[in-house]
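Report on the structure given below.
Each reported figure results from applying straightforward, stated rules to the coordinates on display, with no laboratory input. In this text the structure is predicted, and so the values were computed from the model without any measurement. Reconstructed Cβ throughout: ideal geometry from the backbone, glycine too, with neighbour counts over all protein chains shown.
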Amino acid sequence: MNAPGNAAVARAAKPVRHFEMPRTFGGRLWFLRYTLGRRATQLSILIAFFGTAHWGWTVAGEPLLAGNLSAAKIAGAIPMADPFAVLQMLAARHWLATEVLVGAAVVLALYLVLGGRTFCGWVCPMSIVTDAAEWTRARLGLRADVLHVTPAARYVALALTLALSAAAGIAAFEWVSPIAMLHRELIFGAGLGLTAAVGVFAFDLAIVRRGWCGHVCPLGAFWALVGRAGQVAVKYDAASCTRCGDCVKACPEPRVLNFGTLAEAGRVPSGECLNCGKCIAVCPESSLRFGLRATGRIDEHI
Amino acid sequence: MAKPDPNRREFLARTAQGVAVAVCGGLVWNAFLAQSARAAPDALRPPGAKGEADFNATCIKCGLCVEACPYRTLKLAKVAAKAPLGTPYFEPREVPCYMCPSVPCAKACPTGALDREIGDIATARMGLAVVDPEHCLSWQGLRCEVCYRVCPVQGKAITVDPHPRQLSKHAIFVPVVHSDACTGCGLCEKACPTELASVRVVQPSLVQGKIGEHYRLGWREDQPPAPSAATPPPPSAAPAVPPKAAPGVDYLNRGGGL
């Protein structure tokens, strides 16, 4: 099937329509379906951790969800661990107990199915803070950045994290991570989390747009590399797309939406995609939707 | 040679800039890590904790030990606490370690920063109790001995020993801590009735000395006797070689002067 050819025909035939915010409450709710879903996921994970730590929530007599995003245990049986934290500790030349290695493998396998940066978009509590900064930016009409930082800086941060872990003999990012601080503070009340959140908010608001999640965070870079092999992806139908560009405006990682590579791959091909669904909600032609990478192109089975 | 390509020049300049930023950031970051991960000698860690440097490197700061503790003894360190941010520790004057026989905290540790194979909790060495004789009630001649009575390794970690009192025929009875049995649980510190605890649990490295290999306490039965003039060297061997079991400086007996 010659998809780019079809797209060219469709573009010639179809007038460009832009996205319009629905006027009805239900319509707006539908528009926000992915955002609401992400918030619900983020908050329910947080509440499950909090409830287990403070209110003794159990399932079958075992703690429901003990620990935090660094390492956790579901129902006293399934270990989970942050593979990036484990990688840093191994880079620091410390061998670890089997449980945390299994836990890291479990989480890695989960996100290999879901697409790596699904963590960033749907689980990480810091994305609530950075989304709030972006929202505030839009309300204030802030456009200028104080600094120019390339989005590839995160990969430098990732390399630096591993190099410093090896040099200092401790997990370099875990010792400074504002994400870990925020999450620990929300669950255990242990220090600096609010400060870290305010810092990241200010950085995103004033210094670099989408600065933390989109440019600097080495954890995001780690998941972006994993995400290249992710199975859930935003699929793209070149035939119905009019290239209005609304998706690019809505996307927190606009680098990933390149119409050429989209048409070629039939999906968002980059690991940096958060699977946040903002582009899907905003697309006036429904040319974007979630799908499994293995199921082929949208236009093939319509 | 061809003229340098301006794009290539630009690219090289940008790369150099990026490397410089990364190096600056890395140096600051590294300095911070070296500062914050230095051994915190004040922190009392959960039972079975590795040595401070290894503990800092392997603790993932998940709080599973904190949640496993039934007495809420353990907490994750806040800013400017006695331990590095986010790592577990306890303060015995608030809540001591009640030495659960099953050691649930150590067994909850996913990384092995706490020894999950820890057997008997009495083998744990979280710290060492130290008595302040200037303020301890027993040392003033009162029959307090509360620390002795609350000690879970009773009669071994703390004993009450007679001690002569100035110009008096009567003795006083003072608590004496034995490091070979003290687990550092802190029940004594919690129970001490003085306004500020007169027995404290601290990291052994802060208070414990080391005699050194070259001292020979020959009068003690657990130490090998020094070779002396009373035991003449075998006639064939000259000069005498000190027995290997008693290492140390013995040049005065070796003959041949300095």
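Taking the Cα atoms of the range A:169-253, report the difference between the largest and smallest coordinate on each principal axis, in whole Å and largest first.
52, 31, 24
What are the principal axis extents of the Cα atoms in the range B:127-208, in Å, biggest first?
36, 26, 23
Once label points are set 7 Å from the Cα along Cα→Cβ at both A:A40 and B:R38, what is their separation, rounded to one decimal in nm?
That separation, rounded to one decimal, is 5.1 nm.
Along each of its three principal axes, how wide is the spread of alpha-carbon positions in the range A:41-107, in whole angstrom units, largest first?
37, 23, 18
Given the alpha-carbon gyration tensor of the range B:1-146, what are the semi-axes of its equivalent ellipsoid in whole angstrom, ordered largest first, with each equal to the square root of 5 times an eigenvalue? List each step's numbers first, then the result.
Details: eigenvalues 490, 76, 26 Å².
After scaling each eigenvalue by five and taking roots: 49, 19, 11 Å.
In what order do A:H94, A:H54 fall by count of nearby beta-carbon atoms within 10 Å, going from fewest to most? Don't skip to the end; give the middle numbers.
Values: A:H94 21, A:H54 12.
Final ranking by Cβ density, sparse to dense: A:H54, A:H94.
So for A:L219, A:L205, fewest C-beta neighbours within 10 Å to most, what's the order? If you can, show how the numbers build up before the last one.
Numbers: A:L219 27, A:L205 19.
The fewest-first ordering by Cβ neighbours comes to A:L205, A:L219.
Using a Förster radius of 56 Å, what is the FRET efficiency between B:H178 and B:A16 based on their Cβ-Cβ separation? Nearest 0.05, please.
On the way: r = 63 Å, r/R0 = 1.12.
For B:H178 and B:A16, the calculated efficiency is 0.35.
Stretched out fully, how many nm does the piece from B:D132 to B:A80 gain, at 0.36 nm a residue minus the Cα gap?
Values: separation 52, 0.36 × 52 = 18.72 nm, distance 2.61 nm.
Gain on extension, B:D132 to B:A80, equals 16.1 nm.
What dipole magnitude, in Debye to the nearest 20, does chain A give about its Cα centre under +1 on Lys/Arg Cβ and -1 on Asp/Glu Cβ? Spell out each step's value before the answer.
Details: 28 positive and 18 negative charges, 166 e Å.
With only Lys, Arg, Asp and Glu charged at Cβ, the dipole is about 800 debye.
Let me have the relative contact order for the range B:41-122, percent, based on Cα pairs under 8 Å that are six or more residues apart. Provide the component values of the computation, followed by the final result.
Numbers: 136 pairs, mean separation 30.9, N = 82.
For the range B:41-122, the relative contact order is 38 percent.
Once both labels are modelled 7 Å past Cα along the beta-carbon direction, what's the B:N7-B:L217 spacing in nm?
Between B:N7 and B:L217, the label points sit 7.9 nm apart.
Only four residue types carry charge here, +1 at the Cβ of Lys and Arg and -1 at the Cβ of Asp and Glu. Report the dipole size of the protein assembly as shown about the Cα centre in Debye, rounded to the nearest 20. Mind showing how you got there, number by number?
Details: 56 positive and 40 negative charges, 328 e Å.
With only Lys, Arg, Asp and Glu charged at Cβ, the dipole is about 1580 debye.
Where is the GNM fluctuation largest for chain A (alpha-carbon springs, 10 angstrom cutoff): A:R154, A:R33, A:R117?
The residue that fluctuates most here is A:R33.
Once you sort the root eigenvalues of the Cα gyration tensor of the range B:75-124 as a ≥ b ≥ c, which label holds: rounded (a/c under 1.5), prolate (a/b larger than b/c) or oblate (the other case)?
Numbers: a/c = 2.86, a/b = 1.45, b/c = 1.98.
Since a/c reaches 1.5 but b/c is at least a/b, the shape of the range B:75-124 is classed as oblate.
Only loop residues by DSSP count here, and only those with at most 10 other Cβ atoms within 10 Å; note down the trypsin sites (Lys or Arg not before Pro) in the range A:34-103 that meet that. Can you show the working numbers first?
On the way: sites: A:R38, A:R39, A:K73, A:R93; in loops: A:R93.
Passing both the DSSP loop test and the Cβ count: A:R93.
Taking a ≥ b ≥ c as the square roots of the Cα gyration tensor eigenvalues, with a/c under 1.5 meaning rounded and otherwise prolate when a/b beats b/c, else oblate, which class fits the range A:53-185? List each step's numbers first, then the result.
Values: a/c = 2.21, a/b = 1.31, b/c = 1.68.
Because a/c hits 1.5 or more and a/b fails to exceed b/c, the range A:53-185 counts as oblate.
For chain A, calculate the relative contact order in percent as a whole number, restricting contacts to Cα pairs under 8 Å that are 6 or more residues apart. Please report the intermediate quantities before stating the final value.
Values: 511 pairs, mean separation 71.9, N = 302.
Once normalised by length, the contact order is 24 percent.
Give the value in nm², to one decimal: projected area of the alpha carbon convex hull of the protein assembly as shown, averaged over all directions. Write down the numbers at each step before the final one.
Details: hull surface 179.7 nm².
Spelled out: convex hull of the Cα atoms, projected over all directions, averaged, 44.9 nm².
Describe numerically, in nm with one decimal, the distance between label points set 7 Å from Cα along Cα→Cβ at A:A202 and at A:E62.
Label at A:A202, label at A:E62, 4.4 nm between them.
Take the Cβ-Cβ distance between B:R93 and A:V113 as r, set R0 to 30 Å, and report the resulting FRET efficiency rounded to the nearest 0.05. It would help to have the intermediate numbers written out before the result.
Details: r = 49 Å, r/R0 = 1.64.
The computed FRET efficiency comes out at 0.05.
Just to be sure I understand: with springs between alpha-carbon atoms less than 10 Å apart, which residue in A:V232, A:V200, A:V156 has the highest mean-square fluctuation in the Gaussian network model of chain A?
In the Gaussian network model the winner is A:V156.
Please give the length that would be gained between A:R33 and A:T136 if that part of the chain were fully extended, namely 0.36 nm times their separation in residues minus their C-alpha to C-alpha distance (nm, one decimal).
Numbers: separation 103, 0.36 × 103 = 37.08 nm, distance 2.05 nm.
So the extension gain works out to 35.0 nm.
Using the structure shown, select from B:K78/B:K156; B:K156/B:K190; B:K50/B:K210 the pairs with a Cα to Cα distance greater than 23 angstrom. Walk me through the numbers before you get to the answer.
On the way: B:K78/B:K156 35 Å; B:K156/B:K190 19 Å; B:K50/B:K210 21 Å.
Pairs exceeding 23 Å: B:K78/B:K156.
For A:K249, list the lysines whose Cα falls under 16 Å from its own Cα; do not include residues on the same chain fewer than 8 positions away.
A:K278
Can you compute 3J(HN,Hα) from phi for each residue in the range A:240-247, using the Karplus curve 6.51 cos²θ - 1.76 cosθ + 1.60 with θ = phi - 60°, rounded to whole Hz and x for Gly and Pro?
After applying 6.51 cos²θ - 1.76 cosθ + 1.60, I find 8, 6, 9, 6, 6, x, 5, 4 Hz.
Roughly how compact is the range B:41-122, stated as its Cα Rg over 2.2 N^0.38 Å to two decimals? Can you show the working numbers first?
Numbers: Rg = 11.4 Å, N = 82, 2.2 N^0.38 = 11.7 Å.
Rounded to two decimals, the normalised Rg is 0.97.
Under 13 Å from a label point 7 Å along Cα→Cβ of B:K156: give me every residue in the range B:176-192 with its amide N that close.
Those under the cut-off are B:178-184.
Only Lys, Arg, Asp and Glu count, each charged at its Cβ (+1, +1, -1, -1), so figure out the dipole size of the range B:58-211 about its Cα centre, rounded to 20 debye.
On the way: 17 positive and 13 negative charges, 23 e Å.
Using Cβ point charges on Lys, Arg, Asp and Glu, the range B:58-211 gives about 120 debye.
With an 8 Å Cα cut-off and a minimum separation of 6 or more residues, compute the relative contact order for the range B:127-208 in percent.
Working: 153 pairs, mean separation 33.9, N = 82.
Computed value for the range B:127-208: 41 percent relative contact order.
If you build a Gaussian network model of chain A, linking Cα atoms that sit under 10 Å apart, which residue out of A:F25, A:F119, A:F173 swings the most?
Of A:F25, A:F119, A:F173, the Gaussian network model singles out A:F25 as fluctuating most.
Full extension from A:A144 to A:M21: what is 0.36 nm times the residue separation minus their Cα-Cα distance, to one decimal in nm? Provide the component values of the computation, followed by the final result.
Working: separation 123, 0.36 × 123 = 44.28 nm, distance 2.58 nm.
Result for the pair: 41.7 nm of gain on full extension.
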